[in-house]
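**Q** Right, I'll just put the structure down here and ask away after.
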Amino acid sequence: MIEWVKKMFGQTPSSSTAKERLRLVLMTDHLALAPEIIESMKRDLVDVISRYVEVDREKVEVNFEREDKALAMLANIPITAVARPNKPEEEPKAKAEPAPAAEPEPVAEAVAAEPQAKATTSTMSGPPPTRRRRKKKAGGSKPAPAH
Amino acid sequence: MAARRIVITSGKGGVGKTTTTANVGAALAKRGHRVILIDADIGLRNLDLVLGLEKRIVFDLVEVAEGRCQLRQALIKDKRFESLSILPAAQTRDKDAITESQFAAIVEQAAEAADYVLIDCPAGIEAGFRNAVAGAKEAIVVTTPEVSAIRDADRVVGKLNDKHLPIRLIVNRLRPDMVRSGDMLSVEDVCEILSVELIGIVPDDEEIIDTTNKGEPIVLDDTARLRMIYDKIARRLEGDVVPFTNFDGQSLLGRLFGALKAG
Ligand SMILES: Nc1ncnc2c1ncn2[C@@H]1O[C@H](COP(=O)(O)OP(=O)(O)OP(=O)(O)O)[C@@H](O)[C@H]1O
Ligand SMILES: [Mg+2]
């Protein structure tokens, strides 16, 4: 009866809340237990971004934050230089537009002064935390979508 | 013919490891297997009590490890079964009174005289856990459908994966009424979250407390509601495909099976 009333009023059953919370907390746990995965993800991320702009590798920061229903990855990647956008010889792949990143800073050494461009914010939700992660498999430490 | 060596573990305390070890062990023995149960919970000995064998203890696990007696002298035979015996934990020692390799050696030796060696693991993931896991070749993780128990179970699953032990899951203390009203995680939810193969669903039932009070394994009581539950777990361990009791009112288990096969 009470359940019926609860449903009438659109209250979320506590089991759904439990499931949602568990999903998030386990993702966080798994990440915390797999620092090597975060490191290699960070490396790959920086590699990709530095194809387009010059990046201060030393100062890259990657953090995870819990948001309402998802886990967010926040990467803070200081950009030290951006090449001039006109590169006629190379096919202008979508990439060649280094976003309207502020006026091209006086190349290099702009680090400290610059309001660090927040490069990436991606959100991880979706599939339940995969297992068989946190293996220190030589080399390939990507969080494979197990199963 | 190597014996199966199965550690029963959970991470969180009090979720039913000892109850499971005693009753699954008894169910296997009743089905004609030679079973040795090892209580790895040094300092918090309980398995003997749950099985009503507490008065017959002479030697314990640590004394075997220290070579002060033979394994066979320390094993207590359960007179109600042909082939069930337990190796009690030491009650007055610490978890570090025994090393992983000593523990593994004892399991090894027990395995020579049994078809199934079940190891009742202490709560936690420290030394006691590492000991209990040392000689095991497979694991049963016990959890209740509650957030903290599941989180801890997940932690343990990670540790067991690191050791490459195959894992099966028992969801204990299920309250079907609460699942139906949306106030408890369903077995399906738990399996999905932990992504581990299910081997048993045990409802929350005062019968457990009653039989534990008396020191009687449930499978011996022909009128017990849970008797078939433990018998089914035993059969699944043997490798039989036994349909799960449907506590859900819906086609939970069909879907569950499907999901597990697919995933
Ligand atoms: N399915 C069940 N229904 C009702 N009560 C149960 C059930 N399973 C276990 N219990 C009760 O829960 C309590 C804890 O069980 P048990 O001692 O088996 O847990 P444990 O995981 O071995 O604990 P510990 O971590 O302390 O070793 C006991 O009182 C037991 O009777
Ligand atoms: Mg116990």
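The values are calculated or read from the model by the stated rules, or taken from the named source; none is laboratory data. Predicted model, so just to flag it, every value in this text is computed and none were measured. Every residue, glycine as well, gets a Cβ built from its backbone with ideal geometry; the counts of neighbours run over all protein chains shown. Accessible surface is based on the protein model in full, side chains and every heavy atom, while ligands, DNA and RNA are left aside. Shrake-Rupley method; radii C 1.70, N 1.55, O 1.52, S 1.80 Å.
**Q** Express in nm, to one decimal, how much length is gained between residue A:11 and residue A:66 on full extension, taking 0.36 nm for each residue of separation and deducting their alpha carbon distance.
**A** Working: separation 55, 0.36 × 55 = 19.80 nm, distance 2.29 nm.
Additional length available on full extension: 17.5 nm.
**Q** Do you know the relative contact order of chain B, to the nearest whole percent, from alpha carbon pairs under 8 angstrom that are 6+ apart? Please list the in-between numbers first.
**A** Values: 517 pairs, mean separation 63.1, N = 263.
Over chain B, the number comes to 24 percent.
**Q** How much length, in nm to one decimal, is gained on full extension between residue B:92 and residue B:77, taken as 0.36 nm per residue of separation minus their Cα-Cα distance?
**A** Details: separation 15, 0.36 × 15 = 5.40 nm, distance 2.21 nm.
Here the segment from residue B:92 to residue B:77 would lengthen by 3.2 nm.
**Q** Still on this structure: Between residue B:162 and residue A:86, what's the calculated FRET efficiency when r is the beta-carbon distance and R0 is 45 Å? Round to 0.05.
**A** Working: r = 53 Å, r/R0 = 1.17.
So the FRET efficiency works out to roughly 0.30.
**Q** Total Å² of accessible surface buried at the A-B contact, 1.4 Å probe, nearest 100? Write down the numbers at each step before the final one.
**A** Numbers: alone 11000 and 11820 Å², together 20810 Å².
Answer for the A-B pair: about 2000 Å² buried.
**Q** Determine the shielding of peptide B:142-151 by partner chains: average, over its residues, the number of Cβ atoms on other chains within 10 angstrom of each Cβ.
**A** On the way: counts 0, 0, 0, 2, 2, 6, 2, 0, 5, 5.
Rounded to a whole number, the mean comes out at 2.
**Q** Any of B:95/B:214; B:30/B:77; B:137/B:159; B:95/B:159; B:17/B:232; A:19/B:95 with alpha carbons more than 23 Å apart? Name them for me. Don't skip to the answer; put the middle values down first.
**A** Numbers: B:95/B:214 28 Å; B:30/B:77 14 Å; B:137/B:159 14 Å; B:95/B:159 19 Å; B:17/B:232 17 Å; A:19/B:95 34 Å.
Over 23 Å apart, Cα to Cα: B:95/B:214; A:19/B:95.
**Q** Roll a 1.4 Å probe over the protein heavy atoms and report the accessible area of residue B:195 in Å², nearest 10.
**A** Looks like 20 Å² after rounding.
**Q** Tell me, in nm to one decimal, what length is gained between residue B:55 and residue B:2 on full extension, where the rule is 0.36 nm per residue of separation less the Cα-Cα distance?
**A** Roughly 16.0 nm would be gained on extension.
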